[in-house]
Amino acid sequence: MRIHSDFITIPAQLLDPDISAADKKRLAQYHGFRHAPLISRVSSLDYSRSFPWDGMHLFFLNICPNLVLFWTGKYKGLDEGTEEYDLGPNVWEQVGVETEQAVQFIPAKFVSSLANIASNKSWYTAETWAFWFMYIAPIVLHGRFKRDKYYKHLLLLIKIMHRSMQFKITSEELEELETWIRDWVKKYERFFFTSS
């Protein structure tokens, strides 16, 4: 867990001329900082509590791209083991075409642009991953998995994302969210890492 002072001291270390470039790179990677936040002059903010810093990285620049790599058989050379979540190249190409075709019906104010996810996923930013997962994936992936449990797992992640992004959350909703996250993580580990 980061605390407010981390947002001040770690970027300062990255500017220290006495620290080697290699050490600065390791520090930046370990802590996830490149520089101080632009609004660091606002002393009334607690950076560790004021912004959803890690939501973007956790969901949209980590979990989402990794799930796509699993579903397309490209995650670090791992195969499905005893599971059956790989969509296969033909299915994934069709998902890409349908994603690209959907853009013409989505007002530009909702999302900047969605490229064909099968052939151009390197163009995807946190914003486009978020939109694709929460609004496009439930439609283009419906009925595409060999076993429905992977689609249900996706839908649970989407539910978690929506709940996590609410502006207000009650204690009951928070407890429910915690239950959903535990369930999702257990299934994620079982589906993608413990099968052989």
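The values are calculated or read from the model by the stated rules, or taken from the named source; none is laboratory data. Keep in mind that this is a model prediction, so the values were computed, not measured. Neighbour counts are summed over all protein chains in view; Cβ atoms, including those assigned to glycine, are modelled from backbone coordinates with ideal geometry. Keep in mind that these areas ignore ligands, DNA and RNA; they rest on the heavy atoms of the full protein, side chains included. Shrake-Rupley method; radii C 1.70, N 1.55, O 1.52, S 1.80 Å.
Inspection of region 150-162 identifies no residue that is in a loop (DSSP other than H, G, I, E, B), touching a residue at least 12 places away in the same chain (Cβ under 8 Å), within 18 Å of Y75 (Cα to Cα) and open to solvent by less than 80 Å² (accessible area, probe 1.4 Å). Looking at E80, is it modelled with pLDDT of 80 or more and out of contact with any Leu (no Cβ under 9 Å at 6 or more places or on another chain)? Criteria not met by E80. Just to be sure, is G55 closer than 21 Å to F193 by Cβ and at pLDDT below 80? No; evaluated as a whole, the condition is false for this residue. Pairing each residue of region 1-26 that is surrounded by 10 or more Cβ atoms within 10 Å (Cβ to Cβ) with any residue that is of a type in the set (S, T, N, Q), provided the two are 6+ apart or on different chains, yields C-beta distances under 6 Å for R2/S48; I3/S48; H4/S48.
Taken over region 164-192, the criterion of being under 20 Å from W71 (Cα atoms), surrounded by fewer than 13 Cβ atoms within 10 Å (Cβ to Cβ) and either touching a residue at least 12 places away in the same chain (Cβ under 8 Å) or not charged (D, E, K, R) (or both) is satisfied by V185 alone.
Considered as a group, the residues in region 114-149 that are aromatic (F, W, Y) and open to solvent by 70 Å² or more (accessible area, probe 1.4 Å) include one that is modelled with the lowest pLDDT, and that residue is W123. Taken over region 91-125, the criterion of being of a type in the set (A, V, I, L, M) and within 19 Å of F70 (Cβ to Cβ) is satisfied by V91, V95, I117, A118.
In the condition set (1) of a type in the set (A, V, I, L, M, F, W, C); (2) at pLDDT below 80; (3) open to solvent by 40 Å² or more (accessible area, probe 1.4 Å), V111 is compliant with all but (3). Do we find that V97 is modelled with pLDDT of 85 or more, assigned to a helix (DSSP H, G or I), open to solvent by 40 Å² or more (accessible area, probe 1.4 Å) and not charged (D, E, K, R) in this structure? Criteria met by V97.
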